[in-house]
1. Excluding residues on the same chain fewer than 8 positions from Lys136, give the lysines whose Cα lies under 21 Å from its Cα.
2. Note down the accessible area of Leu111, probe 1.4 Å, to the nearest 10 Å².
3. From largest accessible area down, sort Lys204, Lys147; use a 1.4 Å probe on the protein chains.
4. When DSSP assigns beta bridges and you keep just the ones with both residues in segment 74-198, what percent turn out antiparallel, to the nearest 5?
5. In deg cm²/dmol and to the nearest 500, what is the mean residue ellipticity at 222 nm of the chain if only DSSP H runs of at least 4 residues count, each as -39500 (n - 2.57), divided by the residue total?
6. Quote the accessible area belonging to Thr145 in square angstrom, nearest 10, computed with a 1.4 Å probe and with ligands, DNA and RNA left uncounted.
7. With unit charges on the beta carbons (Lys and Arg positive, Asp and Glu negative) and the dipole taken about the Cα centre of the chain, which residue among Leu112, Gly59, Ser85 sits farthest to the positive side?
8. Per residue of segment 6-14, in order, report the coupling 6.51 cos²θ - 1.76 cosθ + 1.60 (Karplus, θ = phi - 60°) as ³J(HN,Hα) in whole Hz, putting x for Gly and Pro.
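The values are calculated or read from the model by the stated rules, or taken from the named source; none is laboratory data. Since the model is a prediction, treat every value here as computed from it, not as a measurement. Here the Cβ positions follow ideal geometry from the backbone for every residue, glycine too, while neighbour counts run over all protein chains shown. Areas reflect the complete protein model, heavy atoms only, side chains present, ligands, DNA and RNA absent. Shrake-Rupley method; radii C 1.70, N 1.55, O 1.52, S 1.80 Å.
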Amino acid sequence: MDSKTLIASRVAQEMKSGDLVNLGIGLPTLVASYLPKGVEVSFQSENGIIGMSMLPHPGLLDDDLTDAGGNPIGSVPGACAFDSSFSFGLIRGGHLDVTVLGGLQVDERGLLANWMVPGKMVPGMGGAMDLVAGAKRVIVAMTHTAKGTPKIVKECNLPLTAVRRVDLIVTEMAVIEPTDDGLVLREVAPEVTVEQVLEATEAKLIVPDNVKQMPVEA
């Protein structure tokens, strides 16, 4: 199982039937493919749809049906489309149960930077700040390092997305929960040791006596 699949599969296990869930651009969109059997959620995209699904077949592309990143998507029976003002009303109004976002960095306070690398061209912050501020639960789905450089750091040196602490960090190495006391290592991936996670993490981690192995759905 590759890193992205491992992360998406583990994040999907956090979903509960009845949730309204926003999936960010990139890796988070894969979560829709790995929902546990029997779990039914509604996926929202900030460009204006509830009832988003992965494309059932590559040949069913429709230029008018995309996610926020412009990638083609499918829709489930009963899906609805709406304008951006309604979409952001849902987000800012606190109606989203969960948002799953990618990350460039998360620091010891649980603060997320995910929208810009200085000096590189970016389209803008988009809805990231609204999602972090407005969703009831924020899950960061990202690789643990970037070219060997830790992404879970003492303090973000990239622009912050928001000043709200995220609720969970899922990487291909570990599941980490930001708390009032700091970052708590909850799970390690199969064939990964606590020591390997600590070595790949710049931020200080609180290690409980019992760190579970990450449950992974094939």
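1. Cross-link targets: Lys16.
2. 10
3. Numbers: Lys204 150, Lys147 210 Å².
The ranking, largest first, comes out as Lys147, Lys204.
4. Numbers: 12 of 20 bridges.
Antiparallel bridges: around 60 percent, rounded to the nearest 5.
5. Numbers: 4 runs with 32 residues, N = 218.
Per the formula, -4000 deg cm²/dmol.
6. Answer for Thr145: close to 40 Å² accessible.
7. So the residue furthest toward the plus end is Leu112.
8. With coefficients 6.51, -1.76 and 1.60, one gets 4, 5, 4, 4, 5, 4, 4, 6, 7 Hz.
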